[in-house]
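See structure below.
The values are calculated or read from the model by the stated rules, or taken from the named source; none is laboratory data. Predicted, not measured: the structure shown is a model, and the values here were computed from it. No Cβ is skipped: glycine too gets one built from the backbone with ideal geometry, and neighbour counts run over all protein chains shown. Ligands, DNA and RNA are excluded from the accessible area calculation, which covers all protein heavy atoms including side chains. Shrake-Rupley method; radii C 1.70, N 1.55, O 1.52, S 1.80 Å.
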Amino acid sequence: MSHNPFTSKIYQDNWLKHFVGGKTSKSFSFIKGLSFYKHAYLPYYINVGKNSTNGITYQIDAGFEDYKGKTFLIYDVPEYCMPDNSINLKKLKNYKVRQYKGFLADLKGYDNLESYMLDAFSSKSRNKHRSSIKKLEACFDVSYHIYDKTISKKDYDQVIQGFRDLVLKRYDSLQLDTNLVGEWSFYEEVIYPMLKNGQALMINVCVEGKPEAMSLVFVEGSKIIGAIKAFNPDFYKFNIGHIELSKLIEWCFENGINTLDFSKGEYEYKTKWTNYEYLYHCHVVYDSSSFSSSITAFFLAKYFQLKQYLRDKRFNYFVVKMKYKFKNLRGSSGVPIFKISSLSEALDFDSFQVVDLENDSQINLKRIVYDMLYRKQESIKNIVIYKQVSNSKIYYIIGRKSQLKVEII
């Protein structure tokens, strides 16, 4: 029996509601583990979840032939869990089109995070990671949280809002458009019941009482599957995204999880933390004895081959960059240019205005302040920021170990 979280009733019912107007799904006896809905105009069926899943599995049952005259499109099948009885029937055929790269951490054979890192990381990288944790905890009040079935609805509502804010910050910093924001109502509705049902987890690195790095993962037996990850780019120096990931791997060892599947997409943190690469495929399953099914499958396969060709040429990256720029044409004032220098003069700050780091919007001081804290390993509690009343373009960041002058040019 499949425990794939993306084919669970909770996930599929919510997906149908949010993405295809609540259409009723249809199951077929010849294919186990999947449900489908019919394309609105074209003669083929699409797996429920489409490309919103992070890995679909299924099995073919040769005892049934309700595929006759039909074509089926199945997104995101990981090559490491292809159907055991791969389609070899006389009439039922399958196009397999390469899609994204996938990455996973195989934790079997390791005792703990340290033993895994010993094998996956160089000595320099391990030392840097330990140093990042030490500096983050020295500079801020830090706590780590795993949210599971014990979370209350009240806490969940607060956590999921913080997660959305992080996603927005992260993609804004990358200047990339993302469908996640438009689809957030789906995730907001589906995650809570899946948490309560033991099918999902959320991980949070909380700094000074606020979420600054979070991940959503889904649970499939002794495997967890990464879905959404975001961190506040102001904490870039501290490698906070990597710290959050290491806490998740620690949790895996403590809870009998032997596979952490990072899912589709190539990112720096995946290549750093994984020890196994694989490919996702799009499957087009069809009745080869039917002309209409065969021709539909042929053109579907060609369409996805073209999409992959463009993806290989990074055309999709160009598109999300352009979409971000067009969406942000209005009100875009550009990133301010500023000069940072050590404060060499003694000043009387009694006549200066104290700046609230959370609320000053003229310049993003947080990145500058946090970078200074990282270098000097100084607590945020020691920092006071001033601004000249007569010249609002000059700031002074005053700590015990370092003092900086920041001037907007």
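Are any residues in segment 338-388 hydrophobic (A, V, I, L, M, F, W, C), open to solvent by 50 Å² or more (accessible area, probe 1.4 Å) and farther than 24 Å from residue 140 by Cβ, and if so, which ones?
346, 347
Quick grid of which residues meet (1) of a type in the set (Ser, Thr, Tyr); (2) at pLDDT 95 or above; (3) open to solvent by 20 Å² or more (accessible area, probe 1.4 Å); (4) over 12 Å from the mean Cα position of the chain (by Cα):
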position	(1), (2), (3), (4)
216	no, yes, no, no
224	no, yes, no, yes
236	yes, no, yes, yes
244	no, yes, no, yes
257	no, yes, no, yes
269	yes, no, yes, no
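Can you pull out the residues in segment 273-297 that are in a helix (DSSP H, G or I), open to solvent by 60 Å² or more (accessible area, probe 1.4 Å) and not β-branched (Val, Ile, Thr)?
Once the filter is applied, which keeps residues that are in a helix (DSSP H, G or I), open to solvent by 60 Å² or more (accessible area, probe 1.4 Å) and not β-branched (Val, Ile, Thr), segment 273-297 yields 291, 292.
Looking only at segment 389-403, count how many residues are in contact with a helix residue (DSSP H, G or I) (Cβ under 8 Å, 6 or more places away or on another chain) and either open to solvent by 100 Å² or more (accessible area, probe 1.4 Å) or part of a loop (DSSP other than H, G, I, E, B) (or both).
5
Please verify whether residue 200 is farther than 30 Å from residue 366 by Cβ and of a type outside the set (S, T, N, Q), treating the condition exactly as stated.
yes
Identify, from the list 93, 149, 135, the residue that is farther than 17 Å from residue 240 by Cβ and either surrounded by 14 or more Cβ atoms within 10 Å (Cβ to Cβ) or free of Cβ contacts under 8 Å to residues at least 24 places away in the same chain (or both).
Step by step, each of 93, 149, 135 is checked, and only 93 is farther than 17 Å from residue 240 by Cβ and either surrounded by 14 or more Cβ atoms within 10 Å (Cβ to Cβ) or free of Cβ contacts under 8 Å to residues at least 24 places away in the same chain (or both).
Would you say residue 196 is closer than 21 Å to residue 236 by Cβ and either under 15 Å from the mean Cα position of the chain (by Cα) or open to solvent by 50 Å² or more (accessible area, probe 1.4 Å) (or both)?
Spelling it out, it is not the case that residue 196 is closer than 21 Å to residue 236 by Cβ and either under 15 Å from the mean Cα position of the chain (by Cα) or open to solvent by 50 Å² or more (accessible area, probe 1.4 Å) (or both).
Residues are listed down the side, and each one gets a yes or a no for (1) loosely packed, with under 14 Cβ neighbours inside 10 Å; (2) in contact (Cβ under 8 Å) with a residue 60 or more places away in the chain:
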site	(1), (2)
154	yes, no
158	yes, no
168	no, no
175	yes, yes
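For segment 1-47, enumerate the residues that are among the β-branched types (Val, Ile, Thr) and either assigned to a loop (DSSP other than H, G, I, E, B) or open to solvent by 20 Å² or more (accessible area, probe 1.4 Å) (or both).
Step one: filter segment 1-47 for residues among the β-branched types (Val, Ile, Thr), giving 7, 10, 20, 24, 31, 46.
Listed by number, the residues that qualify are 7, 10, 20, 24.
Could you identify the single residue in 300, 306 that is at pLDDT 85 or above, open to solvent by 80 Å² or more (accessible area, probe 1.4 Å) and aliphatic (A, V, I, L, M)?
Answer to the check: 306.
In segment 48-59, which residues are within 24 Å of residue 181 (Cβ to Cβ) and either open to solvent by 70 Å² or more (accessible area, probe 1.4 Å) or polar (S, T, N, Q) (or both)?
Matches in segment 48-59: 51, 52, 53, 54.
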